[in-house]
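Nothing in this text is a laboratory measurement; each read-out follows from the coordinates by a stated rule. Because the structure is predicted, anything quoted here is derived from the model rather than measured. Virtual Cβ from ideal backbone geometry, glycine too; neighbours counted across all protein chains shown.
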Amino acid sequence: MNDFLLSVLLGIVEGLTEFLPVSSTAHLRLCEALLHVDLASGYWKMYSIVIQLGAIACLPVYFWGRIQAFLSTFPRGERGDRTASTHPLGLTAEAFVMTAIPSFLLTRVIGKHLESLVIMGWSLLIGGVVMWIVDAMNAKAENAGPGAAGGRIHTWKMEDMSLGQAIWIGFCQIFSAVFPGTSRSMSTIAGGQIAGMSRASALEFSFFLSIPTMTVATLYTLYKSVLGKGENPIGVSQMTSHQWVVLAIGFAVSFIVAYASVAWFLAWVRKHGFAPFAVYRIIVGAAVLAWAAGIL
């Protein structure tokens, strides 16, 4: 396949799957196997990191208005009832810390053997079942709306989150770091719903939490690879003009597709919920397991 076309295709896959609860890692791994591209080699490893940065870059742009509002009201909040630790920005930072240290330690201990099709297949399947059950449990309260009494949901806006909810969501995010295929988005959204958050508030906090989490994780991986501290160092100085163009195409496509994906996802979830994504995960997970077992 032509490198430019391949770059467009991989950029679309990354942009579509990075923030949807379906696991971009698993989908890129499947593309690697289907298209016979070694994403663990020096150049293509850099490529996969750069297109992920392209997807991440869309979030500050899309949420710029919200970010400005949060910065202007820090630390007391819009109603003046928040503190530095309970303001949305503080909660995001605390959830990130809750994730970062355990994830770093666990991934170093467990190692890369988890990046297998079997692990990803089970993670997709089990995560889909969990997401479906959790969303179904909250469906009645979602349909009743904020004014209904006695429902499972008591946090309808990100601004009303508690410190306990943020720490819990940060803990749930660890699963996606340790088990590829789980999906960072799925673990944080389902974790938020379990903690009594609405679909919209859990999704928005998931997006905000992904900004520091994904930026730090991706830049750390890039740093190790560029300096040759990873298994497959990236020879930036040896890249050709053709490779730079392929890289730029992937970054731009990933950014544009991710931006559109975030806008669509927010609108969809408010009306329809997460069940279709859960079903998709279950189907893809079962297909991956069958493929890994040699059945497909």
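Here are some notes:
- Order by protection proxy (mean Cβ within 10 Å, highest first), peptides 185-193, 276-284: 185-193, 276-284
- Summary of packing: across the peptides 132-138, 257-263, 70-76, 201-207, the per-residue average of other C-beta atoms within 10 Å ranks them, highest first, as 201-207, 257-263, 132-138, 70-76.
- Degrees, to the nearest 10: 42-62 long Cα axis against longest axis of the chain: 30 degrees
- Averaging the sequence gap over all C-alpha pairs within less than 8 Å and six or more residues apart, then dividing by the number of residues, gives the chain a relative contact order of 36 percent.
- Taking Cβ atoms as reference points and 11 Å as the exclusive limit, the residues near residue 183 contribute a net charge of +1, counting Lys and Arg as +1 and Asp and Glu as -1.
- Axis of helix 275-292 versus longest Cα principal axis of the chain: the two differ by about 30°, to the nearest ten degrees.
- Under 14 Å, Cβ to Cβ, from residue 261 - net charge with Lys/Arg +1 and Asp/Glu -1: -2
- The chain, dipole about Cα centre (Lys/Arg Cβ +1, Asp/Glu Cβ -1), debye to the nearest 20: 360 debye
- When only alpha carbons of region 139-225 are considered, Rg and Dmax amount to 14.6, 53 Å.
- Coordinate range along principal axes, alpha carbons of region 241-284, Å, largest first: 45, 24, 5
- Annotation for residue 35 and residue 163: the two label points, set 7 Å from Cα along the Cα-Cβ direction, are 4.6 nm apart.
- Computed over the alpha-carbon pairs of the chain, the distance histogram in 5 Å steps reads 1, 6, 11, 16, 18, 18, 13, 9, 5, 3, 1, 0, 0 percent, short to long.
- Charge-dipole axis of the chain as Lys and Arg at +1 and Asp and Glu at -1 on Cβ define it, positive-most pick from 175, 40, 221: 175
- FRET E, pair residue 133, residue 266, Förster distance 22 Å, beta-carbon r, rounded to 0.05: 0.45
- Prolate/oblate/rounded call for region 33-113, Cα gyration tensor, a/c under 1.5 rounded: oblate
- On Cα atoms only, tilt of 88-110 relative to the major axis of the chain in degrees: 40 degrees
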